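These notes concern the structure reproduced below.
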Amino acid sequence: MPSVDPEATSTPPGHSTALLAAMADGIGDLCFASEEWVAVARDALAAAVERHADALRNQGTFTLCEVAHNPPVWLRCRGQLAWHARIDGARVTVESGELPATECDLRMEGEHSIISNGARIQYHGRNPTVVAAAQARLAKLSRWNMTGNMPEHPALRAALKGLHDAMAPRTMPRFTFMTPEWVSSARHVLSTRAASAKYADGLRNVVFTFSEEFTHTPKYAFPDGAHGGFWVRCDHGDITVGAGPLPAALAPADALTKGKYTPVVPVGRTVNALMTDAEKEEQAAYSKAAFRREEETGKHPVSQSSPSGKGAMPPELARVFMPLHDELSKRTSGELPADFDDSVKPAWAEAQGFDRDSAYDPSWLRYHELDIYGQPRKVAG
């Protein structure tokens, strides 16, 4: 057999994870515990219970409540979302809102992005060892408040598992900004749109390379110190989306955004279509302060250029990119590097109202101790 260079075959952190492998296909379309999500869950649980109606008819009641802290700001729900379900024999009630522990057989509180990613894990058709590894990772990342236990009755467990699997493909993930797992959502959006009948013909003669690369990444998200970002190569309609810096073999980029990671985070995850005028003004004020020339370097922290000299993205490809920013923003978690690093400069450290709710509580995440992959953070020195 030919020799293989281990360095050439090793996978950097985040590019191939048990979590991605365990998740349902696609990127979902509903935010966990939103009103729209609860409405779909109501029908899904009713169908799951109906499949086991005979076994459940005389089994009494079971009440479940899940409370998710730090939901995305664009939902405007003031710091948390909650939903609850009550199964009474073969009858089902599913509603938005929180129930006290005294009314629940199982009540769980955790961080919204972590719960969202857990809700996307699918049991049916997935390797159970991979599923267990993904769940173990997520279990370490949030602070949890739990009372009660899962039901012991097999049919009731089956109904709840059926609900989970029905909602997994509908639930949107929430990954950390510009990490390889986050890029998986960009890959889905762009490759799906490019292959559609609406856009495929217009791309058949397009050759263009796009790259966004961000340096000085936070250790909790990039434990190996890698740069964040993603790149897109359109080659006569074939779309390749990669995480991290553009490979040297594909350089120079036709469109390149490059700069420091931290100041970009708040503006990089805005859902522009849902912003108010006041939020847009606040974002503009933040951008003016955050992206001015740095005294230390005399340069702006982020720049845009066309290293190849080709210039603007062709309109046929731009149409494919059009919804990308907002779709990725909806699937981005809400933490800031300054939540877990006291050295972030003041202009980049303060949470912005257009970016996240004032009730956001970073203590629901454990990134002071662990990286996003559940591994202990290395302490310098």
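Among the residues of region 1-40, those identified as surrounded by 13 or more Cβ atoms within 10 Å (Cβ to Cβ) and modelled with pLDDT under 95 are Pro13, Gly14, His15. In the condition set (1) surrounded by fewer than 18 Cβ atoms within 10 Å (Cβ to Cβ); (2) modelled with pLDDT of 95 or more; (3) of a type in the set (Lys, Arg), Arg120 is compliant with all but (1). Tell me yes or no: at least one residue of region 80-99 is part of a helix (DSSP H, G or I), over 23 Å from the mean Cα position of the chain (by Cα) and basic (Lys, Arg). Within region 80-99, none of the residues are part of a helix (DSSP H, G or I), over 23 Å from the mean Cα position of the chain (by Cα) and basic (Lys, Arg).
Inspect all residues belonging to region 47-60 and state whether any of them is at pLDDT 95 or above and in contact with a Lys or Arg (Cβ under 6 Å, 6 or more places away or on another chain). Looking through region 47-60, none of the residues is at pLDDT 95 or above and in contact with a Lys or Arg (Cβ under 6 Å, 6 or more places away or on another chain).
So, Leu163, is that one surrounded by 18 or more Cβ atoms within 10 Å (Cβ to Cβ), out of contact with any Asp or Glu (no Cβ under 9 Å at 6 or more places or on another chain), assigned by TED's automatic domain parsing to the domain that holds His69 and in contact (Cβ under 8 Å) with a residue 40 or more places away in the chain or not? Answer is yes for this residue. Put simply, of Phe230, Phe177, Phe210 the only residue that is farther than 30 Å from Arg57 by Cα, crowded, with 19+ Cβ neighbours inside 10 Å, more than 18 Å from the chain's Cα centre (by Cα) and aromatic (Phe, Trp, Tyr) is Phe210.
With respect to being under 28 Å from Leu256 (Cα atoms), of a type outside the set (Ser, Thr, Tyr) and out of contact with any strand residue (DSSP E or B) (no Cβ under 8 Å at 6 or more places or on another chain), Lys330 fits the description. Among residues of region 12-39 that are within 16 Å of Pro169 (Cβ to Cβ), those with a beta-carbon under 6 Å from a residue that is surrounded by fewer than 17 Cβ atoms within 10 Å (Cβ to Cβ) and among the acidic types (Asp, Glu) at least six positions away or on a different chain give the pairs Leu30/Glu36.
Screening Arg107 with (1) surrounded by fewer than 17 Cβ atoms within 10 Å (Cβ to Cβ); (2) outside any helix (DSSP H, G or I) gives one miss only, at (1).
Only one entry in Thr102, Thr147 is in a helix (DSSP H, G or I), farther than 22 Å from Phe175 by Cα, in the same structural domain as Ala44 (by TED's automatic domain parsing) and polar (S, T, N, Q), namely Thr102.
For region 168-199, filtering for residues that are of a type outside the set (Lys, Arg), outside any helix (DSSP H, G or I) and under 18 Å from Ala134 (Cα atoms) leaves 8. Across region 280-313, the qualifying residues are those that are of a type in the set (A, V, I, L, M) and more than 26 Å from the chain's Cα centre (by Cα), and the one among them that is farthest from Gly202 (Cα to Cα) is Ala289. Annotation: of all residues in region 137-174 being of a type in the set (S, T, N, Q) and over 14 Å from the mean Cα position of the chain (by Cα), the one that is nearest to Leu19 (Cα to Cα) is Ser142. The condition of being loosely packed, with under 15 Cβ neighbours inside 10 Å, over 27 Å from Ser191 (Cα atoms) and not β-branched (Val, Ile, Thr) holds for only one of Glu369, Glu282, that being Glu369.
Selection of region 226-257 for residues being at negative phi and either acidic (Asp, Glu) or in a loop (DSSP other than H, G, I, E, B) (or both) yields Ala226, His227, Asp235, Asp238, Pro245, Leu246, Pro247, Ala251, Pro252, Ala253, Asp254.
In this structure, Ile115 does not qualify as in contact (Cβ under 8 Å) with a residue 24 or more places away in the chain, more than 24 Å from Pro100 (Cβ to Cβ), surrounded by 21 or more Cβ atoms within 10 Å (Cβ to Cβ) and in the same structural domain as Arg51 (by TED's automatic domain parsing).
The values are calculated or read from the model by the stated rules, or taken from the named source; none is laboratory data. Predicted model only: the values in this text are computed from it and were never measured. All Cβ positions, even for glycine, are placed from backbone atoms using ideal geometry, and neighbour counts span all protein chains on display.
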